[in-house]
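The values are calculated or read from the model by the stated rules, or taken from the named source; none is laboratory data. Predicted model only: the values in this text are computed from it and were never measured. Because the Cβ atoms are built from the backbone with ideal geometry, glycine has one as well, and the counts that use them run over all protein chains shown. These area figures cover heavy atoms from the full protein model, side chains too; ligands, DNA and RNA do not enter into them. Shrake-Rupley method; radii C 1.70, N 1.55, O 1.52, S 1.80 Å.
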Amino acid sequence: MRIPYSWLKDYVKLELGPEELAHELTMHGLEVDRIDYGWPDIVTAEIVWLQKVKGSDHLSATRVTTGTEEFSVVCGAPNIKLHDRVPLAKVGAKVGDITIQPKKAMGVLSEGMLCSPRELGISDDHQGILILPPETPLGVPLGKIIGEAVIDLDIKAHRGDLFCIVGVAREVAAFTGQKLRPPKIAVKEKGTPTSDLMKLEVRDANLCPRYTARVVRDVKIGPSPEWMQDRLTLAGMRPINNVVDITNYVMLELGQPLHAFDYDKVAEHTIIVRRAEPGETLTTLDGVTRHLTSEMQLITDPAGPNVIAGIFGGERVEVSAATTSVLLEAAHFNPVNVRRTSVALALRTESSGRFEKNPDIELTAVAIDRSAQLLTELAGGTVARGRVDFYPNPIAERRIAFKPSLVEWLTGMPVTRNEVLASLRALGFGVAEPPDGADDVLDVTVPTWRGDVEEGADLVEEVARIVGYDRIASTIPVGPLPEPLRDSWPEREHRVREILVGAGLTEAVNYTLTSRAAMAKLLLGTQPGEELLLTAPVAGQTAMSAPLSVGQTFLSVSEEQPTTPESSRTSERRQIEAIAAKLPAITLANPLSVDLEALRLTLMSGLLGVVRENAKHTDTGLWFFEIGRRYIPTPALADGDGLPQERRTLGVAISGPLARGWLGEERDADFFDLKGIAETLLHALKVSDYRFTPTRTPTFHPGRCALLEVAVATPADGSAILGGRAVTADDARRWVATAVLGEVHPEVAERFDLPKRTYLMELDLERLFPAVPAVVPYTPIARYPAAQRDLAVVVGAATPQADVAGVIRASGGALLRQVSLFDVYTGQGIPEGKKSLAYTLTYQSTERTLTDAEIEAAQSAIIAALKQQLGAALRG
């Protein structure tokens, strides 16, 4: 909100200069963004050398100084002389439509321009340079010497009362102790009553709780006075004519938007306030035809729509040079409806911005009377008697019982009772004191323009602002310090981030909002009832009644088989649209775009988009990770209550050439690179008990997808261990699905336009960290040597390696320290349906050097267990 300093002085006596006032406004809760003075690129300078240019009858070469710099300037004005103080536009400054550039005139370099009054817009005088007083300081922006200060306030949305000059003046009067001087309004009415000159029909009082109108006749259209044009320009508005300028002037002055109709163009002199009809259009004053919906409110007449309520007027009834009678409107519109209409039409105006802040409903009568008064004074109009005022439900008086002692209790700032009374009354609050002997409770009446004040704490803030926040004493906190949080989530995420960056990955950050269609591209082919994501509850979160899954309706889009590529693509698009429509994601009621319509259920779609866009610009390998949240619906949320589960999640995507082999050749990423990233993270977090098991999901290539499971200890009482203590022998262990990883399905890759094979992992951090030990016990370095033995066994092709390694660890006894898989083989010498797994087993004791007999005994126990549990045989 731009506040011209001179305009503000009309309503409150100011003893502070613009700079001091700006500081005080900020200190009292009205943040000042900046102060504009006009001519920001023009500074004061002094002519220190002057000489006629050889060969010219009017040009002079000058040297001018700003006090710190000196410039050569060629000037053609006849009125300059040595030591004159003048306005200097330096190189790069804009004067009107001209940008000053260095140039030569008659062989003399000119590095700026000395400005005349006409060039500065002060007057039409172009006979000479503007000569400033001799005491003018040098190097100062010209606006600070002769300009008008405009204070630009950053007003927050809840303070709609401050989007006007009088509202700001009220605040200034309160903290300076001056008296507010609102404009004196006296309307001279004459002739036929307004109720006989027009009819009003409001069809939805919820959308338009008040509509006030007046008729002013015998208006003479012309330019508004220069003082009004100057004020409008300083406030950032363009002068048009006296009628339109008056409505804009009153809006800036009082905060109530108004609209002026040509009375004779309004069909049957009837105003109808209603919703738009489906398919209805309106050509607005900017010449654009707007397509309307039934959610939008219009000001119409029997001939059709005239105005988009609270936003923008139409061409048909606009005020023109031929207008002689004006119908004035001052209304109060539903702020939510105005906001939604403005966003839907991508049309934001000064009027809509104010209606969105819910202005004072009582202002309509005041503002329309002020406009009628100015139309009489500045346009020669005759105001019809009375107003037409639709106001079926007048606003109720709001009162708050308030104890002055609450101020010190909440702020720690001692204030007197008189200071509380003076502060609240200065801001327009009505304050009734209790009778003698009663409790010290004030009966505070909230003014209608302060819709943001709802309780005693709000009144405390008002008193603190006016008395001054600088009264709050600086004190050192006392009492015991709170216990530090162990393993807070920001610290955990930072650990994960450091590990992955150290492994060579680059962090990506995507919006948490995405489109349902993008997520649906991952899910085409899901079987009915199949769990889509890692959605089972974790400790401390509300369980869902069932896993998040795809219903049968997603797959019954069409029974026909596509016969051509085009029909195949059409069928696939229809299926994706059907899945997107039914996807149980949390959607926004009024999204900015369809690409940002829903909270994401997965990080995968965003990471695939990152891979696709980066692949357009580089042929090198792409290693990305993202740490963010997924938003999983809950039954309580579906019932209109509660919040979604916000699951902290890690996503990883890799694609393209990543590494060079022993001979220097490049190779593309594969599944085992992704698996290695997962294992690097697990080892760094000291998670040792995990396994990879085969799984199937439509997002990933069949046979190239795995589920990462970690072993989590559960104490006897059933509660989860989140790193709070060490696991004991009494604790049970369970496998928890923590991540899904694999190669992106070729069809999914095609839908996302991925140029190379891409590998994805999504890991639920809230399932992983219960397996992360809170304390890592110290293990001393062994004094005795380790011994290694290789073991190759033949097992069924479908037997998971993790099961084989688990049996080895379980049966190897206390001497087995490490199990490492180094070879997987199928082919010649291995029976069909079988595979060979080769391991290196490391044995070591902390007490002695192991004998061959001890090692062979352990090996024999392992071989026997493998044969008994898995039917394994030693490879010959």
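When the range 296-326 is examined, which residues are found to be touching a residue at least 60 places away in the same chain (Cβ under 8 Å) and outside any strand (DSSP E or B)?
Ala309, Val319, Ser320, Ala321, Ala322, Thr323, Thr324, Ser325
Here's the yes/no breakdown for (1) within 47 Å of the chain's Cα centre (by Cα); (2) open to solvent by 60 Å² or more (accessible area, probe 1.4 Å):
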{"residue": "Lys188", "(1), (2)": "no, yes"}
{"residue": "Gly191", "(1), (2)": "no, no"}
{"residue": "Val202", "(1), (2)": "yes, no"}
{"residue": "Leu207", "(1), (2)": "yes, no"}
{"residue": "Ala213", "(1), (2)": "yes, no"}
{"residue": "Arg217", "(1), (2)": "no, yes"}
{"residue": "Ser224", "(1), (2)": "yes, no"}
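Counting the residues of the range 28-40 that are crowded, with 17+ Cβ neighbours inside 10 Å and assigned to a loop (DSSP other than H, G, I, E, B) gives 6. Just one residue in the set Arg316, Arg370 is surrounded by fewer than 24 Cβ atoms within 10 Å (Cβ to Cβ) and in contact with a helix residue (DSSP H, G or I) (Cβ under 8 Å, 6 or more places away or on another chain); that residue is Arg316. Just give me the residues in the range 411-432 being surrounded by 14 or more Cβ atoms within 10 Å (Cβ to Cβ) and farther than 18 Å from Thr445 by Cα, in sequence order. Scanning the range 411-432 gives Thr411, Met413, Val415.
From the list Glu295, Glu329, which residue is under 23 Å from Asn393 (Cα atoms), touching a helix residue (DSSP H, G or I) at 6+ places or on another chain (Cβ under 9 Å) and surrounded by fewer than 23 Cβ atoms within 10 Å (Cβ to Cβ)?
Values: Glu329 fails: surrounded by fewer than 23 Cβ atoms within 10 Å (Cβ to Cβ).
Of Glu295, Glu329, the one residue that is under 23 Å from Asn393 (Cα atoms), touching a helix residue (DSSP H, G or I) at 6+ places or on another chain (Cβ under 9 Å) and surrounded by fewer than 23 Cβ atoms within 10 Å (Cβ to Cβ) is Glu295.
The set of residues in the range 452-484 being small (Gly, Ala, Ser) and surrounded by fewer than 10 Cβ atoms within 10 Å (Cβ to Cβ) consists of Ala473, Ser474, Gly479. Scanning the range 327-372 for residues that are charged (D, E, K, R) and in a strand (DSSP E or B) gives a single hit, Glu329.
Quick check: anything in the range 797-812 hydroxyl-bearing (Ser, Thr, Tyr) and open to solvent by less than 40 Å² (accessible area, probe 1.4 Å)? Scanning the range 797-812 turns up at least one residue that is hydroxyl-bearing (Ser, Thr, Tyr) and open to solvent by less than 40 Å² (accessible area, probe 1.4 Å).
Among what's in the range 266-281 and is over 20 Å from Ala331 (Cα atoms) and not small (Gly, Ala, Ser), pick the residue that is surrounded by the fewest Cβ atoms within 10 Å (Cβ to Cβ). Here the answer is Pro278.
Taken as a whole, the structure leaves Pro777 outside the set of residues that are more than 54 Å from the chain's Cα centre (by Cα), on the phi < 0 side of the Ramachandran plot and open to solvent by 60 Å² or more (accessible area, probe 1.4 Å). Each residue in the range 423-474 was checked for being without any contact (Cβ under 8 Å) to a residue 24 or more places away in the chain, farther than 26 Å from Ala157 by Cβ and in a strand (DSSP E or B), and 2 of them qualify.
Within the range 778-790, track down each residue that is of a type outside the set (Ser, Thr, Tyr) and part of a loop (DSSP other than H, G, I, E, B).
As a first pass, look at the range 778-790 and keep what is of a type outside the set (Ser, Thr, Tyr): 780-783, 785-790.
Answer for the range 778-790, where residues must be of a type outside the set (Ser, Thr, Tyr) and part of a loop (DSSP other than H, G, I, E, B): Pro780, Ile781, Ala782, Arg783, Pro785, Ala786.
The number of residues in the range 140-165 that are crowded, with 17+ Cβ neighbours inside 10 Å, closer than 20 Å to Leu254 by Cα and among the small types (Gly, Ala, Ser) comes to 1.
From the list Trp489, Trp449, which one is at pLDDT 85 or above, open to solvent by less than 90 Å² (accessible area, probe 1.4 Å), of a type outside the set (Val, Ile, Thr) and under 30 Å from Glu766 (Cα atoms)? Before you say what the answer is, go through the steps one by one.
On the way: Trp449 fails: under 30 Å from Glu766 (Cα atoms).
Within the list Trp489, Trp449, the selection yields Trp489.
Take Gly428 and decide whether it is closer than 25 Å to Thr270 by Cβ and small (Gly, Ala, Ser). It would help to see each step written out before you state the result.
Values: closer than 25 Å to Thr270 by Cβ: no; small (Gly, Ala, Ser): yes.
Taking the combined requirement at face value, the residue does not satisfy it.
Residue by residue, here is whether (1) on the phi < 0 side of the Ramachandran plot; (2) in a strand (DSSP E or B); (3) crowded, with 20+ Cβ neighbours inside 10 Å; (4) polar (S, T, N, Q) holds:
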| position | (1), (2), (3), (4) |
| --- | --- |
| His58 | yes, no, no, no |
| Ala61 | yes, yes, yes, no |
| Thr68 | yes, no, no, yes |
| Ala77 | yes, no, no, no |
| Lys81 | yes, no, no, no |
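Take Ala45 and decide whether it is open to solvent by less than 40 Å² (accessible area, probe 1.4 Å) and out of contact with any Pro (no Cβ under 9 Å at 6 or more places or on another chain). For Ala45, the condition - open to solvent by less than 40 Å² (accessible area, probe 1.4 Å) and out of contact with any Pro (no Cβ under 9 Å at 6 or more places or on another chain) - is not met. In the set (1) closer than 30 Å to Glu462 by Cα; (2) surrounded by fewer than 20 Cβ atoms within 10 Å (Cβ to Cβ); (3) touching a strand residue (DSSP E or B) at 6+ places or on another chain (Cβ under 9 Å), Leu25 fails one condition alone, (2).
State whether one or more residues within the range 376-394 are β-branched (Val, Ile, Thr), more than 30 Å from Pro193 (Cα to Cα) and surrounded by 15 or more Cβ atoms within 10 Å (Cβ to Cβ). No, the conditions are met nowhere in the range 376-394.
Tell me, which residue of the range 108-139 that is part of a loop (DSSP other than H, G, I, E, B) and β-branched (Val, Ile, Thr) is most open to solvent (accessible area, probe 1.4 Å)?
Here is the first cut: in the range 108-139, the ones part of a loop (DSSP other than H, G, I, E, B) are 111, 115-116, 121-131, 133-139.
Keeping just the survivors that are β-branched (Val, Ile, Thr) gives 122, 129, 131, 136.
Working: Ile122: 87, Ile129: 15, Ile131: 67, Thr136: 7 Å².
Among residues in the range 108-139 that are part of a loop (DSSP other than H, G, I, E, B) and β-branched (Val, Ile, Thr), the one most open to solvent (accessible area, probe 1.4 Å) is Ile122.
If the condition is being assigned to a strand (DSSP E or B), open to solvent by less than 50 Å² (accessible area, probe 1.4 Å) and either touching a Cys at 6+ places or on another chain (Cβ under 7 Å) or not β-branched (Val, Ile, Thr) (or both), then the range 86-107 contributes Pro87, Leu88, Ala89, Val95, Ala105.
Here is a yes/no grid of residues against (1) assigned to a strand (DSSP E or B); (2) over 30 Å from Ala861 (Cβ atoms); (3) at pLDDT below 90:
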site	(1), (2), (3)
Gly724	no, yes, yes
Thr728	no, no, yes
Lys756	no, yes, no
Phe769	no, yes, no
Val776	no, no, yes
Ala792	yes, no, no
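Quick one: in the range 141-154, of everything that is out of contact with any Pro (no Cβ under 8 Å at 6 or more places or on another chain) and modelled with pLDDT of 90 or more, which residue is farthest from Pro87 (Cα to Cα)? That would be Asp154. If the condition is being within 16 Å of Arg203 (Cβ to Cβ) and assigned to a strand (DSSP E or B), then the range 263-295 contributes Thr270, Ile271, Ile272, Val273, Arg274, Arg275.
Taking the range 332-349 as the range and being β-branched (Val, Ile, Thr), closer than 20 Å to Ile368 by Cβ and surrounded by fewer than 21 Cβ atoms within 10 Å (Cβ to Cβ) as the test, only Thr349 passes. Being crowded, with 20+ Cβ neighbours inside 10 Å and either without any contact (Cβ under 8 Å) to a residue 60 or more places away in the chain or in contact with a His (Cβ under 7 Å, 6 or more places away or on another chain) (or both) is the filter; apply it to the range 233-261 and report the residue that is nearest to Ile368 (Cα to Cα). Only one residue fits best here, namely Thr247. Looking across the range 800-825 at every residue that is in contact with a strand residue (DSSP E or B) (Cβ under 8 Å, 6 or more places away or on another chain) and assigned to a loop (DSSP other than H, G, I, E, B), the one that is farthest from Lys686 (Cα to Cα) is identified as Pro800.
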